[in-house]
Amino acid sequence: MRECWLTLDAQALLHNLAVMREHMPEARLLAMVKADAYGHGIAQVAPLLADHADGLGVACMSEALALRAQGVKGNITVMQGVFNAEELATARAQYLTLVVHSPEQLDLFEATESSRPLAVWLKINTGMNRLGFRPAQALMAWRRLGNCVGVHRLGIAAHFACADEPVLAMTDQQLGRFRALQQALSAEKGTSVAGSLANSAGVLAWPEAADEWMRPGIALYGSSPFADRSAADFDLRPVMTLHARVASVFTVPAGERVGYGASWLAERSTRIAVVSIGYGDGYPRHAPTGTPVLIAGRRYELVGRVSMDMITVKVDGSVNVGDEVVLWGQGLPVDEIASAAGTISYELFCRLTARVRRPSQPLELAETPIADAEAEHG
């Protein structure tokens, strides 16, 4: 049987979470599990994170409701908020935390009356120019939200555009704009206003971005958010390992070519292993000749083009049919594969298809869960 599967390391996940806490020990941690937990499987990863983080972050309502249906009872924040009255009512009923980033969402809150408590983050556009209110409009939006029935906890959040490039001035500018607004709002309110700024890169490289909440994503899964620094530099461990098996081994005579387009030439008689993974499984099609793979714990090089179902690897006489292959993960950093393929680890994780066999059960749960969301909102 053709085999292609991934394994998940619960201890690595908790270790990486602890690393994040070490960098910002005073901040509460919102663990990002959007996009199927960055391709790791939200059903497998979220229960463990829910027991050890202070909340979970998702992109949209469907992801939040899937978590509730799975039995996750903690704080869940919907980063893109809601887009109609039905979603808003559901968010209240499910005790979700919402981000408000547009005038249309403000109008929706004002048009809906409910005394059921709802925690809200006001999204501030400090220079990312994607979602949020510019600081000049944020004060009025803040006041309008504060007057809405049922909004009982209100903070401000922003997103860094270039925190993964610490030499740029952009992050300093964004921080300055955010802090100036935060101070103005705190002065008007007469007490401190909660903030949330730091993504993975912010947590690791910008200690001045520390606030009440941090929102790490990719670092939790053991990948570096920086192009020039490895995960190992930050003591991050891979959570996912992607596996396949050697399906065939043969010798290509000198002067013959391998694969589609005949792009790789055997300059001498060469032993080739065919591995049962390809772009139909989510392995990057543009991974070039020379991209490393591990077979039975030893490094070898991919040669020729990646096919839909297979890759070809230049090997030695120790490789046999049925040997286990690691495409990335334990022993082979995903960031190295992403760099070779001209992309980022986020994309590699998220592109894995349903053909890749995954763990059927959630990772081992902790013993002491955090308080449920209804109690927190009450």
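Some points to look at:
- Residues satisfying the stated conditions in the range 1-28, i.e. among the polar types (S, T, N, Q) and either open to solvent by less than 10 Å² (accessible area, probe 1.4 Å) or on the phi > 0 side of the Ramachandran plot (or both): Asn16
- Only one of the numbered conditions (1) surrounded by fewer than 13 Cβ atoms within 10 Å (Cβ to Cβ); (2) within 29 Å of Tyr38 (Cβ to Cβ) is not met by Asp323, and that is (1).
Residue by residue, here is whether (1) assigned to a strand (DSSP E or B); (2) modelled with pLDDT of 95 or more holds:
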residue	(1), (2)
Pro284	no, yes
Tyr300	yes, yes
Lys314	yes, yes
Ser318	no, yes
Trp328	yes, yes
Glu347	no, yes
Pro362	no, no
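- Among residues of the range 330-340 being among the aliphatic types (A, V, I, L, M) and outside any strand (DSSP E or B), the one that is surrounded by the most Cβ atoms within 10 Å (Cβ to Cβ) is Val334.
- So Gly255, is it exposed (fewer than 13 other Cβ atoms within 10 Å of the Cβ) and in a loop (DSSP other than H, G, I, E, B): yes
- When residues in the range 27-69 are screened for being in contact (Cβ under 8 Å) with a residue 12 or more places away in the chain and in a helix (DSSP H, G or I), 23 of them pass.
- Failed criterion for Arg268 (all others in (1) assigned to a strand (DSSP E or B); (2) out of contact with any strand residue (DSSP E or B) (no Cβ under 6 Å at 6 or more places or on another chain) hold): (1)
- Selection within the range 93-135 - open to solvent by less than 10 Å² (accessible area, probe 1.4 Å) and either assigned to a loop (DSSP other than H, G, I, E, B) or without any contact (Cβ under 8 Å) to a residue 24 or more places away in the chain (or both): Leu96, Leu98, Thr126
- Single condition Leu154 does not satisfy, out of (1) open to solvent by less than 60 Å² (accessible area, probe 1.4 Å); (2) among the aliphatic types (A, V, I, L, M); (3) at pLDDT 95 or above: (3)
Yes/no per residue for (1) open to solvent by 10 Å² or more (accessible area, probe 1.4 Å); (2) under 30 Å from Met140 (Cα atoms):
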| position | (1), (2) |
| --- | --- |
| Asp164 | yes, no |
| Arg177 | yes, yes |
| Ile218 | no, no |
| Pro225 | yes, no |
| Phe234 | yes, no |
| Val246 | no, no |
| Val249 | yes, no |
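- Tally of residues being open to solvent by 10 Å² or more (accessible area, probe 1.4 Å) and either over 24 Å from the mean Cα position of the chain (by Cα) or within 17 Å of Arg134 (Cβ to Cβ) (or both) across the range 194-213: 0
- Selection count where residues are in contact (Cβ under 8 Å) with a residue 60 or more places away in the chain, in a strand (DSSP E or B) and of a type outside the set (Phe, Trp, Tyr), scope the range 207-251: 11
Each row is one residue, and each column tells you yes or no for (1) crowded, with 20+ Cβ neighbours inside 10 Å; (2) β-branched (Val, Ile, Thr); (3) more than 30 Å from Leu204 (Cβ to Cβ); (4) at pLDDT 95 or above.
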position: Leu30; (1), (2), (3), (4): yes, no, no, yes
position: Ala35; (1), (2), (3), (4): no, no, no, yes
position: His40; (1), (2), (3), (4): yes, no, no, yes
position: Gly55; (1), (2), (3), (4): yes, no, no, yes
position: Ala59; (1), (2), (3), (4): no, no, no, yes
position: Ala66; (1), (2), (3), (4): no, no, no, yes
position: Ala69; (1), (2), (3), (4): no, no, yes, yes
position: Val78; (1), (2), (3), (4): yes, yes, no, yes
position: Ala91; (1), (2), (3), (4): yes, no, yes, yes
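Listed here are the residues, each with its yes/no results for (1) within 15 Å of the chain's Cα centre (by Cα); (2) hydroxyl-bearing (Ser, Thr, Tyr).
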| position | (1), (2) |
| --- | --- |
| Thr7 | no, yes |
| Ala18 | no, no |
| Asp36 | yes, no |
| Gln44 | yes, no |
| Asp51 | no, no |
| Gly57 | yes, no |
| Gly71 | no, no |
| Thr90 | no, yes |
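- Hey, Thr343 open to solvent by 20 Å² or more (accessible area, probe 1.4 Å), part of a loop (DSSP other than H, G, I, E, B) and either touching a strand residue (DSSP E or B) at 6+ places or on another chain (Cβ under 9 Å) or farther than 30 Å from Phe226 by Cβ (or both) or not: no
- Failed item, numbered, when Gly290 is tested on (1) surrounded by 13 or more Cβ atoms within 10 Å (Cβ to Cβ); (2) modelled with pLDDT of 95 or more: (1)
- Residue in the range 169-183 that is part of a loop (DSSP other than H, G, I, E, B), modelled with pLDDT under 95 and over 24 Å from Gly55 (Cα atoms) present: yes
- Among the residues of the range 300-311, those identified as in contact (Cβ under 8 Å) with a residue 24 or more places away in the chain, more than 12 Å from Tyr283 (Cβ to Cβ) and either open to solvent by 20 Å² or more (accessible area, probe 1.4 Å) or not small (Gly, Ala, Ser) (or both) are Tyr300, Val303.
The values are calculated or read from the model by the stated rules, or taken from the named source; none is laboratory data. Model, not experiment: these values are computed from the prediction. So basically every Cβ, Gly included, is an ideal-geometry build from the backbone, and we count neighbours across all protein chains shown. When the accessible area is computed, the model is the full protein with side chains, heavy atoms only, and any ligands, DNA or RNA have been set aside. Shrake-Rupley method; radii C 1.70, N 1.55, O 1.52, S 1.80 Å.
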